[in-house]
Amino acid sequence: TLGGIIALVTDSQRRGEQPRTDNFFTAGPEGRAEGEEVIEGIIQAAKDEYEERKLPYLMNLGKEVFLKEELSRTMAVQLVHLAEALSYQEFILLSIIGANEQQPLGLRNRTYSGEKRPFSNQSLMVSVLQDFNHLKSLGVVTDGDAPGYGPAEFVPSNMKLVGGPGKRLALHLGLYNMPEEERSPYLTLLRE
């Protein structure tokens, strides 16, 4: 994983990005650099991760730690913990919510409460609604002040990434660059 992070950093530097210059990787009085601790946390999270599809996004976070001075130790650790707590499906949903904020994707503009007709993939829909609830409970998305409470009350077109952790998570994990084929089945469902 460290090799993958270093390869991403090297590629970014070839494209003109500069490494951080704020001594984040310089050992402090306690003998350990903040950056070293964060990278170790990312590597440990990657080792413990059983959803292999999340690994490129964790490595992207590692690359960002090497390059982005705005990623303090506290912020980076928070992002590692959030990334560990989320499923790959939730990564996809964050990607869609973020993309919809940038350019409307034609997502459903009403709640699921009281819906009588079945969805094209009913079990996936139930899972997505539970994931929306989880993302909201973690404080990474807002549901646009849904009229009621519960998973069926989400309105996909109104959902937003929360300014701090949600937007940083999507940005620094590289979720805005998620391949369209990963998002496509979810987009279809969230447009029904």
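Annotations for the structure displayed:
- Boolean, ASN133 is among the polar types (S, T, N, Q) and open to solvent by 50 Å² or more (accessible area, probe 1.4 Å): no
- Residue within region 175-192 that is within 15 Å of THR111 (Cα to Cα), at pLDDT 90 or above and either outside any helix (DSSP H, G or I) or open to solvent by 30 Å² or more (accessible area, probe 1.4 Å) (or both) present: yes
- Taken over region 83-113, the residue count meeting the criterion of being without any contact (Cβ under 8 Å) to a residue 40 or more places away in the chain and under 19 Å from SER127 (Cα atoms) is 2.
- Boolean, LEU71 is surrounded by fewer than 20 Cβ atoms within 10 Å (Cβ to Cβ) and farther than 13 Å from PRO156 by Cα: no
- Residues that are in contact with a Pro (Cβ under 9 Å, 6 or more places away or on another chain) and more than 17 Å from ALA76 (Cβ to Cβ) were ranked within region 146-174; the one that is modelled with the lowest pLDDT is GLU153.
The values are calculated or read from the model by the stated rules, or taken from the named source; none is laboratory data. Source: prediction; values computed, not measured. Positions of Cβ are backbone-derived with ideal geometry, glycine not excepted, and every protein chain shown enters the neighbour counts. Heavy atoms of the whole protein, side chains included, go into the accessibility calculation; ligands, DNA and RNA do not. Shrake-Rupley method; radii C 1.70, N 1.55, O 1.52, S 1.80 Å.
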